[in-house]
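Everything on this sheet refers to the single structure shown next.
The values are calculated or read from the model by the stated rules, or taken from the named source; none is laboratory data. Please read all numbers here as calculations on a predicted model, not as lab measurements. All Cβ positions, even for glycine, are placed from backbone atoms using ideal geometry, and neighbour counts span all protein chains on display. We work out accessible area using only protein heavy atoms, side chains counted, and drop any ligands, DNA or RNA first. Shrake-Rupley method; radii C 1.70, N 1.55, O 1.52, S 1.80 Å.
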Amino acid sequence: MASEVSTRRSWPPVEPVDQAAYLRGSAAVHLVGGKGSGADSLLAAAGAVDAGTQAGLDRPFTPITTEALAQAQPDVILMMTKGLESVGGLDGLLTIPGIAQTPAGLSRRVVDMEDGVLLGFGPRTPLVIDILVDRVHREGRAS
């Protein structure tokens, strides 16, 4: 797996990518990932920069505030699929204060991945990195 991760790091970096790793609409729990969240490692392996880490968020997860989002300024938001669904999809996500004003929100660049796969760090990790490379670097698509 180390050689596969090394190959993926040859992609030119995308700056910055942020992970809003845990959002649940029904509970109004909105957290943004930073250093040590797990997503920072996946993003680095995919040749991207974790905006939360780059912005100085020193905890794995920080409550999303307009200020935290303004500081992070993600170009792409990476989310778990069920979390995205729970806030009403992309349109619902953009109603959370501050998200629509980020570069990711303005361009509607959100990548979602299955909850258990995204942070599982199991045997499918190389596949997850491939998917991230494809979605973040090549497609730049909104989910």
### Query
Are there any pairs with C-beta distances below 9 angstrom linking a residue in segment 109-122 that is in contact (Cβ under 8 Å) with a residue 40 or more places away in the chain to a residue that is among the polar types (S, T, N, Q) and not in a strand (DSSP E or B), with the two at least 6 apart or on different chains, and if so which?
Leu118/Thr81; Leu119/Ser37; Phe121/Ser41
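Hey, can you tell me all the residues within segment 115-126 that are at pLDDT below 85 and either in a helix (DSSP H, G or I) or touching a strand residue (DSSP E or B) at 6+ places or on another chain (Cβ under 7 Å) (or both)? Spell out the reasoning first.
We begin by selecting, within segment 115-126, every residue at pLDDT below 85; these are 115-125.
Selection gives Asp115, Gly116, Val117, Leu118, Thr125.
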### Task
Please tell me if Gly25 is among the small types (Gly, Ala, Ser), at pLDDT below 80, over 15 Å from Ala100 (Cα atoms) and crowded, with 23+ Cβ neighbours inside 10 Å.
no
### Query
Within segment 127-142, which residues are modelled with pLDDT of 80 or more and surrounded by fewer than 16 Cβ atoms within 10 Å (Cβ to Cβ)?
Leu127, Asp130, Asp134
### Query
Given the structure, is Gly34 buried (at least 24 other Cβ atoms within 10 Å of the Cβ) and at negative phi?
yes
## Note on the structure
Taking segment 63-114 and the residues there that are touching a Gly at 6+ places or on another chain (Cβ under 6 Å) and modelled with pLDDT under 85, the one that is most open to solvent (accessible area, probe 1.4 Å) would be Thr66
### Matching option when the condition is touching a strand residue (DSSP E or B) at 6+ places or on another chain (Cβ under 7 Å) and of a type outside the set (Ser, Thr, Tyr), among Ala55, Ala45, Ala39
Ala39
### Task
Starting from residues that are open to solvent by 60 Å² or more (accessible area, probe 1.4 Å) and outside any loop (DSSP other than H, G, I, E, B), keep the ones in segment 42-62 and report whichever is farthest from Val133 (Cα to Cα).
Phe61
